[in-house]
């Protein structure tokens, strides 16, 4: 048996496992007195927790560097202790003794589903000290191999974290621009207006530039409430259906979406065909918060029909993308929420949609504003696609490297040879 073999051991044999124990609540405080206290995984973040409470009388402490493991639902979630934490009954602290901590962290990330299944035998999803300590881990005995595996996986983790940070920054920029551009707009020189340098006026939608109008939706779009269901009839025209979820889950309707099949008669085909530049909104929902969620039709898609529980808005005197953007503005969206009727299901009437008030800049300004948001969304889409690929890469690497299916010994030996050479 060489220095690069793998073996199976119990976690309790290669790591210290400390089960949490909750202190008396009289020692809790919102002030920074004592150590930060974590009852369970509610305060977990991407990697490090953020405690809301402190405690002056610790019972069990997860030391800095420990893996903080959730032993109650959701079992298997982990964070890393970036400092000492008092841990309650919902957590265990795990620290490697005969195994490198970074490798152990990657093992627990990979094994989350395994521990979740282990916990599902009881009514209350949880695992105890014995379950955790007796659980077996398959790992390379050579610590340099452990370290290299952890290094490879951590490199992907850092790329995931950095990409996520870029997406979060773009979302903050978009939110800030939403506030500025949809209240002040852009002047002829391409600058955001200010009440110090430009004229504004009062309106039913608040202060707006004097160049803007406030109009009812019916004055700038054709509104069609779809009644096309998912039933297929052989004697009707075969079509693609844009259904509720496509609109609810996406800001843009594009050709890459997986539309379902349906059928329509000639009248429905003429009336509810979706065209590039249209806007579709959710008309009905089980919760009023999901009412009037818009999606902009970005592509020409042959034989695409607007489905049931949706309203199709066909622009006449407004840029479609600009319309979708302003319908997302809280002050405008609230009009629909307030007027949505129903008890177990909320819905919008044609009259409610018709009389919704929106602000209307000149078409040239609408296009300018729309292009700014479109460019941000395109950049976010690129970063989100990159993030999905990184998550897929991480999953594949864990399946290969943490099972011994693919070995890193060749790379390890080359590194050692370079050092010796």
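Of everything listed in (1) more than 26 Å from residue 140 (Cβ to Cβ); (2) part of a loop (DSSP other than H, G, I, E, B), the single unmet condition for residue 119 is (2). Within the stretch 390-421, no residue satisfies the criterion of being part of a loop (DSSP other than H, G, I, E, B) and under 18 Å from residue 46 (Cα atoms).
Run down 167, 152 and say which single residue is touching a residue at least 60 places away in the same chain (Cβ under 8 Å), touching a helix residue (DSSP H, G or I) at 6+ places or on another chain (Cβ under 6 Å) and assigned to a helix (DSSP H, G or I). Exactly one residue qualifies, and that residue is 167.
Step by step: first the residues of the stretch 131-142, then only those that are in a helix (DSSP H, G or I) and surrounded by 14 or more Cβ atoms within 10 Å (Cβ to Cβ), then the one that is modelled with the lowest pLDDT. Which residue is that? Step through it out loud before you land on a result.
If we filter the stretch 131-142 for residues that are in a helix (DSSP H, G or I), which is where we start, we get 131-134.
Narrowing further to those that are surrounded by 14 or more Cβ atoms within 10 Å (Cβ to Cβ): 131-133.
Values: 131: 94, 132: 97, 133: 97.
Within the stretch 131-142, the match that is modelled with the lowest pLDDT is 131.
You will find that of 241, 245, 224, the residue that is outside any loop (DSSP other than H, G, I, E, B), free of Cβ contacts under 8 Å to residues at least 60 places away in the same chain and surrounded by 12 or more Cβ atoms within 10 Å (Cβ to Cβ) is 245 and no other.
Tell me, yes or no, whether the stretch 269-277 has at least one residue that is closer than 25 Å to residue 207 by Cα and surrounded by 14 or more Cβ atoms within 10 Å (Cβ to Cβ).
Of all residues in the stretch 269-277, those closer than 25 Å to residue 207 by Cα come to none.
Among the residues of the stretch 269-277, not one is closer than 25 Å to residue 207 by Cα and surrounded by 14 or more Cβ atoms within 10 Å (Cβ to Cβ), which makes the answer no.
For residue 78, state whether it is in contact with a helix residue (DSSP H, G or I) (Cβ under 6 Å, 6 or more places away or on another chain), surrounded by 13 or more Cβ atoms within 10 Å (Cβ to Cβ) and over 19 Å from residue 116 (Cα atoms). Against the criterion (in contact with a helix residue (DSSP H, G or I) (Cβ under 6 Å, 6 or more places away or on another chain), surrounded by 13 or more Cβ atoms within 10 Å (Cβ to Cβ) and over 19 Å from residue 116 (Cα atoms)), residue 78 does not qualify. Looking at 177, 153, 118, 181, just one residue is closer than 24 Å to residue 361 by Cβ and out of contact with any strand residue (DSSP E or B) (no Cβ under 8 Å at 6 or more places or on another chain), and that residue is 177.
Of the listed requirements (1) over 33 Å from the mean Cα position of the chain (by Cα); (2) surrounded by 11 or more Cβ atoms within 10 Å (Cβ to Cβ); (3) more than 16 Å from residue 363 (Cβ to Cβ), residue 217 misses just one: (1). For residue 332, the test of being under 28 Å from the mean Cα position of the chain (by Cα) and surrounded by fewer than 22 Cβ atoms within 10 Å (Cβ to Cβ) is passed.
Tell me, yes or no, whether the stretch 99-107 has at least one residue that is free of Cβ contacts under 8 Å to residues at least 40 places away in the same chain and either closer than 28 Å to residue 414 by Cα or assigned to a strand (DSSP E or B) (or both). Give the derivation first.
Going residue by residue through the stretch 99-107, those that are free of Cβ contacts under 8 Å to residues at least 40 places away in the same chain are 101.
So of that shortlist, the ones also either closer than 28 Å to residue 414 by Cα or assigned to a strand (DSSP E or B) (or both) come out as 101.
Among the residues of the stretch 99-107, at least one is free of Cβ contacts under 8 Å to residues at least 40 places away in the same chain and either closer than 28 Å to residue 414 by Cα or assigned to a strand (DSSP E or B) (or both), which makes the answer yes.
In the stretch 44-65, which residue that is crowded, with 18+ Cβ neighbours inside 10 Å and touching a helix residue (DSSP H, G or I) at 6+ places or on another chain (Cβ under 8 Å) is nearest to residue 31 (Cα to Cα)? Per the criteria, the residue is 55. Considering only residues in the stretch 279-292 that are under 18 Å from residue 259 (Cβ atoms) and touching a helix residue (DSSP H, G or I) at 6+ places or on another chain (Cβ under 6 Å), the one that is surrounded by the fewest Cβ atoms within 10 Å (Cβ to Cβ) turns out to be 282. Inspect the stretch 364-375 for any residue being surrounded by fewer than 21 Cβ atoms within 10 Å (Cβ to Cβ), over 19 Å from residue 192 (Cβ atoms) and either assigned by TED's automatic domain parsing to the domain that holds residue 217 or touching a strand residue (DSSP E or B) at 6+ places or on another chain (Cβ under 8 Å) (or both) and give the result as yes or no. No, every residue in the stretch 364-375 fails to be surrounded by fewer than 21 Cβ atoms within 10 Å (Cβ to Cβ), over 19 Å from residue 192 (Cβ atoms) and either assigned by TED's automatic domain parsing to the domain that holds residue 217 or touching a strand residue (DSSP E or B) at 6+ places or on another chain (Cβ under 8 Å) (or both).
If you go through the stretch 194-212 and keep only what is surrounded by fewer than 17 Cβ atoms within 10 Å (Cβ to Cβ) and without any contact (Cβ under 8 Å) to a residue 40 or more places away in the chain, you end up with 194, 195, 196, 197, 198, 199, 201, 202, 207, 210.
Among the numbered conditions (1) over 30 Å from residue 268 (Cα atoms); (2) out of contact with any helix residue (DSSP H, G or I) (no Cβ under 6 Å at 6 or more places or on another chain), the only one that residue 186 does not meet is (2).
Hey, which of the helices (runs of 4 or more DSSP H) in the stretch 317-389, taking only ones fully inside, have at least 3 residues that are out of contact with any helix residue (DSSP H, G or I) (no Cβ under 7 Å at 6 or more places or on another chain) and without any contact (Cβ under 8 Å) to a residue 24 or more places away in the chain?
Of the helices (runs of 4 or more DSSP H) lying wholly inside the stretch 317-389, those with at least 3 residues that are out of contact with any helix residue (DSSP H, G or I) (no Cβ under 7 Å at 6 or more places or on another chain) and without any contact (Cβ under 8 Å) to a residue 24 or more places away in the chain span 330-339.
The one condition from (1) modelled with pLDDT of 95 or more; (2) closer than 25 Å to residue 80 by Cβ; (3) touching a helix residue (DSSP H, G or I) at 6+ places or on another chain (Cβ under 7 Å) that residue 118 does not meet is (1). The residue of the stretch 183-193 that is surrounded by the most Cβ atoms within 10 Å (Cβ to Cβ), among those that are in a loop (DSSP other than H, G, I, E, B) and within 31 Å of the chain's Cα centre (by Cα), is 185.
Are any of the residues in the stretch 114-125 in contact (Cβ under 8 Å) with a residue 60 or more places away in the chain, surrounded by 15 or more Cβ atoms within 10 Å (Cβ to Cβ) and either under 27 Å from the mean Cα position of the chain (by Cα) or farther than 19 Å from residue 398 by Cβ (or both)? Within the stretch 114-125, not a single residue is in contact (Cβ under 8 Å) with a residue 60 or more places away in the chain, surrounded by 15 or more Cβ atoms within 10 Å (Cβ to Cβ) and either under 27 Å from the mean Cα position of the chain (by Cα) or farther than 19 Å from residue 398 by Cβ (or both).
The values are calculated or read from the model by the stated rules, or taken from the named source; none is laboratory data. Please read these numbers as outputs of a predicted model, since none were measured by experiment. Neighbour counts run over all protein chains shown; Cβ positions are idealised from the backbone, glycine included.
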